[in-house]
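Here's the structure we're looking at; comments come further down.
The values are calculated or read from the model by the stated rules, or taken from the named source; none is laboratory data. Note that the coordinates shown come from a computational prediction; the quantities given were computed from them, not determined experimentally. Here the Cβ positions follow ideal geometry from the backbone for every residue, glycine too, while neighbour counts run over all protein chains shown. Remember, those area values only see protein heavy atoms, side chains included, never the ligands or the DNA or RNA. Shrake-Rupley method; radii C 1.70, N 1.55, O 1.52, S 1.80 Å.
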Amino acid sequence: SVPGLTDMSDETNETLQLYGVETPGDGSFASNCLMARRLAERGVRFIELIDTGSRPNWDSHGEMNEHKELAYNVDQPTAALITDLRQRGMLDETIILWATEFGRTPTKEGKNGRGHHRDCFSVWLAGGGFKGGHVHGVTDEIGKYTVENPIEVHDLHATVLHQMGMNHEKLTFRHAGRDFRLTDVHGRIVRDLIA
């Protein structure tokens, strides 16, 4: 089934333009977003897309202005994926989780840089029964700390698993004489995120 999946010759010019695909299958983030839709259409249940931003890259500390180009490269394809899934009636059954491993400090590092910041950063969700346009949580005035409605990683996992029809408290496995689960002994479903 892979040759049919990767052959994008059946995609319309309008679809390629929507995603910003210049050369179908070239490994660009735009092509990968389109491939994600094609995988979802074929019943693939978990798809991970990573934009490494080869040059410049997302891990730039010294020159945050480089991130403008990176953001531009992922903005259109991401919006296209949401639009395309909605038009095909697939968005209600598809969860899109957009995240990063950490945020950036609100203070400078070097001339135009920012350091890693684990205490406060944004994650967004679309589709899959999540509220559209809902903002949850508030930071202090400079975005350094969450001051209202923080969501821990375990809470995010518990909520996404709930929307996938799984009880995070039941996903337990025994290892080294101890019971473990993805959400550890934490994890609460954040019902304010659910439509």
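Which order, highest average first, do 159-166, 103-110 follow once you tally other Cβ atoms within 10 Å for each residue and take the mean per peptide?
With the highest mean Cβ count within 10 Å placed first, the list reads 159-166, 103-110.
At what distance in nm do the modelled label points of Arg118 and Thr172 sit from each other, each positioned 7 Å from its Cα along Cα→Cβ?
Each label point lies 7 Å from its Cα, and together they span 2.7 nm.
State the extension gain, in nm to one decimal, for the chain segment bounded by Asp10 and Arg86, taking 0.36 nm per residue of separation less the distance between their alpha-carbons. Show your work: numbers first, answer last.
On the way: separation 76, 0.36 × 76 = 27.36 nm, distance 1.94 nm.
Stretched out fully, the Asp10 to Arg86 stretch lengthens by 25.4 nm.
With +1 on each Lys and Arg Cβ and -1 on each Asp and Glu Cβ, and nothing else charged, work out how big the dipole of segment 77-195 is about its Cα centre, in Debye to the nearest 20.
That gives a dipole near 240 debye.
Quick one: accessible surface of Ser122, probe radius 1.4 Å, all protein chains present, in square angstrom to the nearest 10.
100 Å²
Accessible area per residue of segment 1-132 at 1.4 Å probe, in Å²?
Roughly 63 Å² per residue, with all protein chains present.
What are the ³J(HN,Hα) couplings of segment 131-138, residue after residue, when phi is run through the Karplus curve with 6.51, -1.76, 1.60 and θ = phi - 60°? Round to Hz, x for glycine and proline.
Whole-Hz 3J(HN,Hα) from phi for segment 131-138: 5, x, x, 8, 10, 10, x, 9.
Given the -39500 (n - 2.57) contribution per DSSP H run of 4+ residues, what per-residue ellipticity at 222 nm results for the chain, rounded to the nearest 500 deg cm²/dmol? Could you put the intermediate results ahead of the total?
Details: 5 runs with 58 residues, N = 195.
Estimated from H runs of four or more residues: -9000 deg cm²/dmol.
Charges on Cβ only, +1 for Lys and Arg, -1 for Asp and Glu, centred on the Cα centroid of segment 61-157; of His117, Leu70, Gly129, which one is farthest towards the dipole's positive end?
Farthest along the dipole direction, towards plus: Leu70.
Within segment 93-113, whose backbone N sits under 19 Å from a point 7 Å along Cα→Cβ of Glu63?
108-113
If the convex hull of the alpha-carbon atoms of the chain is projected onto planes in all directions, what is the mean projected area in square nanometres? Each step should come with its number before you reach the end.
Values: hull surface 55.6 nm².
Convex hull of Cα atoms, orientation-averaged projection: 13.9 nm².
If you place +1 on the Cβ of every Lys and Arg and -1 on the Cβ of every Asp and Glu, how big does the dipole about the Cα centre of segment 134-195 come out, in debye to the nearest 20?
Using only the charged Cβ atoms, the result is roughly 400 debye.
Among the lysines, select those whose C-alpha is under 29 Å from the C-alpha of Lys111, and discard any that sit fewer than 8 residues away in the same chain.
Lys68, Lys144
I want to check the label-to-label distance for Asp192 and Asp75. Put each point 7 Å from Cα in the C-beta direction and report it in nm to one decimal.
That separation, rounded to one decimal, is 2.8 nm.
Within the chain, what whole-number % of the accessible surface is contributed by carbon and sulfur, with the 1.4 Å probe and all protein chains included in the calculation?
Roughly 50 percent of what the probe reaches on the chain is carbon or sulfur.
Positive end of the charge dipole of the chain (Lys, Arg +1 and Asp, Glu -1 on Cβ, about the Cα centre): tell me which of Ile50, Gly20, Ile95 has its Cα farthest that way.
Of the candidates, Ile95 comes out farthest on the positive side.
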